[in-house]
Each structure stands twice: as structure tokens, then as C-alpha cells.
1. Residues with amide H under 5 Å of residue 70's amide H, sequence separation 5 or more or different chain, H placed in the peptide plane at 1.01 Å from N; which?
2. So who's got an amide H within less than 5 Å of the one on residue 128, skipping anything under 5 residues away but keeping other chains? H placed 1.01 Å off N, in plane.
3. Taking every alpha carbon pair in the range 41-125, what does the distance histogram look like in 5 angstrom bins from 0, in percent?
4. Rolling a 1.4 Å sphere over the protein heavy atoms, what is the accessible area per residue of the range 40-170, to the nearest Å²?
5. Can you divide the C-alpha Rg of the range 69-171 by 2.2 N^0.38 Å and report the result to two decimal places?
6. For residue 99, tell me the accessible area in Å² from a 1.4 Å probe, rounded to the nearest 10.
7. For the range 40-171, what % of the accessible area comes from carbon and sulfur atoms, probe 1.4 Å?
8. Round to the nearest 0.05 the FRET efficiency obtained for residue 118 and residue 70 when R0 = 22 Å and r is the Cβ-Cβ distance.
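The values are calculated or read from the model by the stated rules, or taken from the named source; none is laboratory data. Keep in mind the model is a prediction, meaning the values are calculated, not measured. Here the Cβ is made from the backbone with ideal geometry for all residues, glycine too, and neighbour counts use every protein chain on show. What goes into the accessible areas is simple: the full protein's heavy atoms, side chains included, and nothing from ligands, DNA or RNA. Shrake-Rupley method; radii C 1.70, N 1.55, O 1.52, S 1.80 Å.
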Amino acid sequence: MPFRLIHVVAFSCVLLFYMNSFSSAEQLHSFTPSDRLPISGHLTIKTGNSVREVALADLETLPMHEVTASITVEEPIKTFEGILLRDVLAYLGALDAEEITVRGNDAYAASIPQKDWKTWPVLLATRSEGKPLTLRQRGPARVIYPMQDFEELNHRRYRNRSVWMVQEIQW
Ligand SMILES: Nc1nc2c(c(=O)[nH]1)N[C@H]1C(S)=C(S)[C@@H](COP(=O)(O)O)O[C@H]1N2
Ligand SMILES: [Mo]
């Protein structure tokens with residue numbers, strides 16, 4: 001019965017996300033926006049020969065977390081909310097990719113190795129202070145390393161991987 005298979009797959013996905021979110025002793029702050037402004041925007045997902053679009057609104061149905069960080073010198077410390085990169089990649093089927101390439105809409109690209117999403121609660125941020133990231137805030141999606149919570153991330157290597165205006169993920 002195809003419906004049953006779908007249910008088993010869906011249940012397994014939910015279980016996987018749940019386990020991913022709570023398996024390690026990380027400082028994770030969950031985020032539940034009360035009157036959530038709708039989010040728009042898509043990411044292009046490329047793998048092998050396949051290209052697909054994923055709505056940020058669909059990614060926001062996954063558990064949301066918040067991270068407080070100052071990413072660049074000219075940006076003050078602020079709160080970002082979004083989805084854990086590892087949850088995004090589990091959703092996309094890329095959890096076991098060795099690395100992903102994240103590209104911004106300015107053609108800037110960085111490779112992010114698996115170690116990063118397995119070790120730290122790296123965020124695909126879609127909001128700041130509850131509101132969707134504007135282009136001016138380098139949105140609508142950006143990679144945020146929790147540099148405030150993890151001293152070892154305060155390094156140029158991770159700043160280079162903090163791609164803003166994310167448009168495409170490829171592996
Ligand atoms: N989309 C996009 N993301 C990007 C960049 C960029 O040019 N475009 N620059 C990267 C680099 S080299 C750094 S050091 C960090 C922070 O850059 P900043 O300190 O100049 O703001 O963002 C990274 N993310
Ligand atoms: Mo840089």
C-alpha cells in the first residue's frame with residue numbers, strides 16, 4: 001500500500017529531525033515566532049543532474065533555533081533565527097555529503113565540510129529578531145556560525161563560510 005510507505009518515510013524523517021536536534025549537548029535555543037511575518041524566497045538545490053527549488057517557507061516548517069552573533073565587523077551583535085544547517089541538509093537528503101557548496105546571489109561561493117554541520121549548530125538563518133531577513137540584512141537566507149557560543153569558530157575560516165544572500169546549495 002503506497003500510502004503506508006509514505007507514512008513510514010514521513011515518520012522516520014520526523015524522528016530523524018528530532019534525534020538530530022537533541023542528540024548533542026549543544027547550546028540550542030529554540031525559537032517559536034508568535035505572530036510570524038510570512039517569508040518568501042527560494043533556494044536552488046543542485047545535485048548530480050537534478051535542479052530543484054525549495055521554498056524558504058517549507059524549510060521554516062522544520063524546528064527553528066536562534067543564535068546571537070556578530071558576524072562582520074560592521075554589523076552589531078544581533079539575534080538570528082533559522083533552521084540548523086544539519087536539519088536543512090537532512091531534509092534535502094544531503095546529510096552525508098562530504099561537503100556542500102553554498103553560493104550567494106553575488107556568485108560568491110564557499111565549501112562547507114560535513115564536519116561543520118555535524119559539530120556545531122550552524123544555522124541557515126532566515127530571520128533576525130523574528131522578522132524575515134531583508135536584502136539589506138544580507139538575506140533572505142544566510143549561513144550563521146554561532147561564533148558567540150563557540151570560541152573556536154571565531155576564525156577567518158568560518159567567516160569565509162558565512163555566505164550571505166544564499167541562493168544555491170550544491171553537492
Ligand atoms: N554572498 C556573499 N557571502 C560572503 C561574502 C561575499 O562576498 N558574498 N564574503 C565572505 C567573506 S570573505 C567574509 S570574511 C565574510 C564576512 O565578510 P565581511 O567581514 O567583509 O563582512 O562573509 C563571507 N560571505
Ligand atoms: Mo573574508
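1. 78, 148
2. Placed amide hydrogens put 81, 133 under 5 Å from residue 128.
3. Per 5 Å bin, starting at zero, the Cα-Cα P(r) for the range 41-125 comes out as 3, 12, 21, 25, 24, 10, 3, 1, 0 percent.
4. 45 Å²
5. Compactness ratio reported: 0.98.
6. It works out to around 90 Å².
7. The C+S portion of the solvent-accessible surface of the range 40-171 is 47 percent.
8. 0.35
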